[in-house]
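Chemist: Please find one structure pasted underneath; my questions will follow.
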């Protein structure tokens, strides 16, 4: 199903991706920032490309509409007597980018058509801007090969074209930052086009660290141009079918569908292992914190194999002291400055165990699991809390110690660990009792009865922040209703989301990255807690905010964060301003988790073949959800008939499940 835009194309960008490369561009054809172009993880290869037909460039001026599908994008152009369309796709498992340029002669006479391509190569690392790197180019065997010490690109077409060499370097300023690219010359094709007829030209870009690798990728792509599209289309259909969801609410169904697709877009096969990028276009690393929130959503979607590999990749970079990384860069560098990545890894590991029943995998990570528990012991204070460093929480631009959310995650992680420990015949009661003790201390330490809210400490002072939502999400709060009443008020909630700090705070800024903006995943967390507290109307209201933001910056994508008062994507980050990432993984992940774990209130125990549901649904609701449990697929139908909840399920393998529903009446 495609989405068509026919006006204000300049406002939105889009992302196409496979498991090896991604492509970022604007809907009006523009390559407007240093982040647009063709990338392989954190290395850029192309700044831009552009086609000229009979002397007229295909450009924002003649791009009349844009169509976006689950796996492709198409730009439509109108020229004098000629129409053109540019269909684009990234293959799933190749370092290649494919385009199909279709030229239609609408006149009553034969036209001589000349198509010219200008390609700007900029092979650089993400952290680089201008550089004086030297490029070599040559045209042989009907292919253009461009390389530097950083990598190689091979470009060609079918039918084949010709090339006029005219190498030059060009400086330009996308989004105001100086860049230097290499233009080797002009690639062109000429042909006659009969009246009312069309011509199709495939073009291919393939990339690699060296010429041989890029050439191999090019030949593989050229040999399977048609099958690559159908294989990818089939795969995405299978993904959506495997995680089928239908609520009868069009906005909710659409939000879920695109959240599933965008999580898949972030899946990446690297030389370091498989994982999920945190977001496009610049969070193309494996972030332990982000992955900790995303992997449970991947599990909810039944993608156990992918979740297992992502958990394993994080574990393979665990520190000697047991800490799961904060960031794994694609060049192999690792940062460990995170107080929550280890906790979230334990929680995700237990979520995998419950849904998959895969004991063998859990046993294979026994050493990593117990090292993670050792890290907790090393970092706990006398009350059992974890004292985090100033940049070790998700609010990594603010000075914080003993973050509320870190302690909530700690309690949840210890409870999850007590479940995992049963596999190893260990005394799980000690872990559970420790969690309960810290939970009691948590309320005493962080709840302020006078304020009617949990108190966060930022820069050494008490602050009313959105971090009060975490005790509710992790089911440890004794004051859920009071907290939600505050968050629902104008103090936090706006038409565009939820402020990260109270609007009454001295340092509140609606565009402040962590001190006032609205984050997609945080809006999702609030929605989760509303459903958890059986307030489906409020829960749906928060999800509708996310739905409205699907095309805010990047087509059919949920971004990182935005101005909480006017929805502008430009945010203030300590000493500079820049837009939030246009496609952020945990924003999509929280939509999936909200629907499965909170709207439906679904908890699975694959080993015991038991499913617990605590739905928070509207009158006359009929919700369909296909769920993977172990090696089985189960179709659930959840209905609200007057004030009663009815649940039916059908196993693909003919298995019987114990279904527990609470409450049975609403």
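No value in this document is a laboratory result; all are computed from the given coordinates. If you're wondering where the values come from, they're calculated on a predicted model, not measured in any experiment. Cβ coordinates were reconstructed from backbone atoms using ideal geometry, including for glycine residues, and neighbour counts include every protein chain displayed.
Chemist: Helix 404-421 against the longest principal axis of the chain: what's the angle in degrees, Cα atoms only, rounded to the nearest 10?
Modeler: 80 degrees
Chemist: Rounded to whole Å and ordered largest first, report the semi-axes of the equivalent ellipsoid of region 458-597 derived from its Cα gyration tensor (root of 5λ).
Modeler: Those come to 22, 20, 12 Å.
Chemist: Whole angstrom only: what separates the Cα centroid of region 291-347 from the Cα centroid of region 547-571?
Modeler: 27 Å
Chemist: Taking other Cβ within 10 Å of each residue's Cβ, how do 102, 342, 29 sort, fewest first?
Modeler: Starting with the residue having the fewest Cβ neighbours, the order is 102, 29, 342.
Chemist: Further, regarding this structure: Shape of region 605-661 from its Cα gyration tensor (a ≥ b ≥ c, root eigenvalues): rounded if a/c is under 1.5, otherwise prolate when a/b > b/c, or oblate?
Modeler: prolate
Chemist: So in the chain, what percent of DSSP beta bridges are antiparallel if you round to the nearest 5?
Modeler: Antiparallel bridges: around 95 percent, rounded to the nearest 5.
Chemist: Something else now. What whole-number distance in Å separates the alpha-carbon centres of region 239-288 and region 597-666?
Modeler: 23 Å
Chemist: Sorted by mean Cβ packing within 10 Å, highest first, what order do the peptides 392-399, 13-20 take?
Modeler: 13-20, 392-399
Chemist: Counting each DSSP H run of 4 or more residues in the chain as -39500 (n - 2.57), what helix-only mean residue ellipticity at 222 nm follows after dividing by all residues, to the nearest 500 deg cm²/dmol?
Modeler: Computed ellipticity for the chain at 222 nm equals -9000 deg cm²/dmol.
Chemist: Arrange the peptides 433-446, 302-315 so that the one whose residues have, on average, the most other Cβ atoms within 10 Å appears first.
Modeler: The most tightly packed comes first, giving 302-315, 433-446.
Chemist: Hey, how many Å between the Cα centroid of region 367-386 and the Cα centroid of region 179-237?
Modeler: Measuring centre to centre over Cα atoms gives 52 Å.
Chemist: Ordered by packing density, taken as the mean number of other Cβ atoms within 10 Å over each peptide's residues, highest first, how do 346-357, 614-625, 512-523 rank?
Modeler: Per-residue Cβ counts within 10 Å, averaged per peptide and sorted highest first, yield 512-523, 346-357, 614-625.
Chemist: Could you tell me how many degrees, from 0 to 90 and to the nearest 10, lie between the Cα long axis of helix 225-242 and the main elongation axis, the longest principal axis, of the Cα atoms of the chain?
Modeler: 20 degrees
Chemist: Additional query: Round to the nearest 10 and give me the degree value, 0 to 90, for the angle of helix 250-265's Cα axis relative to the longest principal axis of the chain.
Modeler: Orientation of helix 250-265: about 70 degrees from the principal axis.
Chemist: Would you please classify the overall shape of region 265-376 from the alpha carbon gyration tensor, given that a ≥ b ≥ c denote the square roots of the eigenvalues, rounded means a/c under 1.5, and beyond that prolate means a/b larger than b/c while oblate covers the rest?
Modeler: oblate
Chemist: Something else about it: Counting only Cα, what are the radius of gyration and maximum Cα-Cα distance Dmax of region 1-73, in Å?
Modeler: 12.8, 37
Chemist: Under 1.5 on a/c is rounded, so check that first for region 3-234, then, if it is not, pick prolate when a/b is larger than b/c and oblate when it is not; a ≥ b ≥ c are the square roots of the alpha carbon gyration tensor eigenvalues.
Modeler: The shape class here is rounded.
Chemist: Also, I was wondering about something else. Quick one: what do you get for the chain if you divide its Cα Rg by 2.2 N^0.38 Å?
Modeler: Compared with the compact-globule rule of thumb, the chain sits at 1.00.
Chemist: Then there is this: How are the alpha carbon pair distances in region 377-458 distributed across 5 Å bins from zero to the largest one, expressed in percent?
Modeler: Spelled out per bin, shortest first, that is 3, 15, 22, 21, 18, 11, 6, 3, 1, 0.
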